[in-house]
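Asker: This is the structure I want to talk about, given as structure tokens.
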């Protein structure tokens with residue numbers, strides 16, 4: 001079969017994933033998950049809890065199982081529809097791991113050596129980092145290309161990995177003379193990105209791995225915890241600025257107003273028109289009210305779902321079966337292209 005004989009890649013397929021490590025945060029929600037929900041209107045979506053990626057560092061088995069269910073419950077509670085789209089955990093579809101091995105043989109060491117995220121996560125002692133962490137981007141490429149998905153919603157921290165995925169796809173297509181078999185992946189940027197920063201340091205991204213729980217709002221936090229964290233969030237002594245130019249040198253003020261704008265469905269400019277010139281005390285009450293109003297229904301639904309873990313498992317299993325229906329023909333074609341013998 002020649003390269004031109006393979007069917008074209010789907011034009012409307014989205015893939016994205018989230019790691020089941022720690023509680024998902026308000027940053028995950030505003031920066032990614034709510035955009036995933038919106039994409040369901042116009043795309044065929046696969047959303048994956050990437051438990052294989054989580055294994056790049058040691059995971060307690062029981063905790064990984066719990067965190068996988070919790071991540072799935074959070075996605076459903078936020079509005080991901082597992083009946084109309086596909087929600088599953090990565091390890092349910094072995095096609096990801098198989099394609100990742102083929103990509104390990106396509107990607108060059110020089111490409112992987114340039115990945116800044118590996119350098120950041122491995123730290124000073126790279127020799128002690130797992131090989132899995134080093135080839136993590138190849139598995140990420142396989143996650144997407146196992147479905148020949150052409151669209152991925154990404155943040156700034158994943159753009160380099162997406163570029164590598166496209167390099168792998170292009171080299172595969174070129175080396176085995178199958179033009180356009182793997183599509184070029186396009187990053188989806190949906191409107192103004194909401195980059196949520198730590199409540200304790202406005203220069204650092206809000207992270208579920210931060211040692212301080214006070215640095216973030218978890219999707220599992222109740223109303224009292226949300227209000228307390230916002231009340232204790234770091235600020236400065238000046239009133240809120242009346243224009244965005246006044247955020248210069250004031251990262252905490254910028255972060256809290258950005259949060260208020262995102263949670264109340266308005267622009268930063270409109271938010272400043274309301275709260276500019278106010279002190280942080282009164283403003284934090286408004287922000288806490290907005291956060292609780294937005295997140296309380298999500299937390300309530302998450303807790304309802306987590307009360308029936310067997311149903312979450314059934315949902316993930318059904319999603320994994322649907323995912324493999326899509327990836328199986330792609331993997332069969334890849335084996336054929338590579339010359340692997342399969343009956």
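Since every read-out is calculated from the coordinates, none of them should be taken as a lab result. Worth saying up front: this structure is predicted, and the values here are computed from it rather than measured. Don't worry about glycine lacking a Cβ; one is built from the backbone with ideal geometry, like all the others, and counts go over all protein chains shown.
Asker: Any idea what angle helix 61-78 forms with the longest principal axis of the chain, computed on alpha-carbon atoms, 0 to 90 degrees, nearest 10?
Answerer: With both axes taken from Cα atoms, the answer is about 70 degrees.
Asker: Could you line up 43, 147 from fewest to most neighbouring Cβ atoms inside 10 Å? Mind showing how you got there, number by number?
Answerer: On the way: 43 21, 147 24.
So the residues, fewest neighbours to most, are 43, 147.
Asker: Further question: What is the list of residues in the stretch 284-317 whose amide nitrogen lies under 20 Å from a point 7 angstrom out from the Cα of residue 222, following Cα to Cβ?
Answerer: 288-308
Asker: What Rg and what Dmax come out for the chain when only alpha-carbon atoms are used, in angstroms?
Answerer: Both quantities, over Cα of the chain: 21.5, 72 Å.
Asker: Now for a different question. Peptides 104-112, 199-207: what's the order by average Cβ count within 10 Å, highest mean first? Walk me through the numbers before you get to the answer.
Answerer: Numbers: 104-112: 13.4, 199-207: 17.4.
So the order, starting with the most tightly packed, is 199-207, 104-112.
Asker: In terms of the Cα gyration tensor, with a ≥ b ≥ c the square roots of its eigenvalues, is the stretch 253-343 rounded because a/c is under 1.5, prolate because a/b exceeds b/c, or oblate?
Answerer: On the way: a/c = 5.89, a/b = 2.26, b/c = 2.61.
Judged from the Cα gyration tensor, the stretch 253-343 comes out oblate (a/c at least 1.5, b/c at or above a/b).
Asker: Could you work out how far helix 251-263 tilts from the main Cα principal axis of the chain, as a 0 to 90 degree angle to the nearest 10?
Answerer: 80
Asker: Show me the ranking of peptides 17-27, 326-336 by mean Cβ neighbours inside 10 Å, starting with the highest.
Answerer: Working: 17-27: 21.7, 326-336: 17.1.
Put in order of decreasing packing, that is 17-27, 326-336.
Asker: Rounded, prolate or oblate: which fits the stretch 1-91, taking a ≥ b ≥ c as square roots of the Cα gyration tensor eigenvalues, rounded meaning a/c under 1.5, else prolate when a/b beats b/c? Mind dumping the intermediate values first?
Answerer: Working: a/c = 2.56, a/b = 1.44, b/c = 1.77.
Here the stretch 1-91 falls in the oblate category.
Asker: A further question follows. Sort 341, 292, 196 by Cβ crowding within 10 Å, fewest neighbours at the top. Write down the numbers at each step before the final one.
Answerer: Details: 341 6, 292 19, 196 22.
Starting with the residue having the fewest Cβ neighbours, the order is 341, 292, 196.
Asker: How far is helix 136-145 tilted, in degrees, relative to the longest principal axis of the Cα atoms in the chain, given as a value from 0 to 90 rounded to the nearest 10?
Answerer: 70
Asker: Can you grab the distance from the C-alpha centre of the stretch 27-64 to the C-alpha centre of the stretch 198-212, Å, no decimals?
Answerer: Answer, in whole Å: 19.
Asker: Follow-up. Using just the helices of the chain, give the 222 nm mean residue ellipticity in deg cm²/dmol: DSSP H runs with n ≥ 4 each add -39,500 (n - 2.57), and the total is spread over all residues, rounded to 500. All intermediate terms of the calculation are to be shown ahead of the outcome.
Answerer: Details: 14 runs with 170 residues, N = 343.
The per-residue figure over the chain is -15500 deg cm²/dmol.
Asker: What nm value, rounded to one decimal, do you get for the distance between residue 177 and residue 342 when each label is placed 7 Å out toward the C-beta?
Answerer: 2.3
Asker: Something else: Which order results if 266, 69, 254 are arranged by neighbouring Cβ count within 10 Å, fewest first?
Answerer: Numbers: 266 14, 69 22, 254 19.
Least to most surrounded, the residues fall as 266, 254, 69.
Asker: Could the peptides 58-66, 217-225 be put in order, highest first, of the mean number of other beta-carbon atoms found within 10 Å of their residues? Don't skip to the end; give the middle numbers.
Answerer: Working: 58-66: 12.0, 217-225: 18.3.
Ranked from most to least packed, the peptides come out as 217-225, 58-66.
Asker: Separate question: How much of the DSSP bridge set in the chain is antiparallel, in percent, rounded to the nearest 5?
Answerer: Details: 2 of 16 bridges.
Given both bridge residues lie in the chain, the antiparallel proportion sits at roughly 10 percent.
Asker: Hey, any idea what Rg/Rh is for the stretch 213-303, computing Rh the Kirkwood way over Cα pairs? Don't skip to the end; give the middle numbers.
Answerer: On the way: Rg = 13.1 Å, Rh = 13.4 Å.
Rg/Rh: 0.98.
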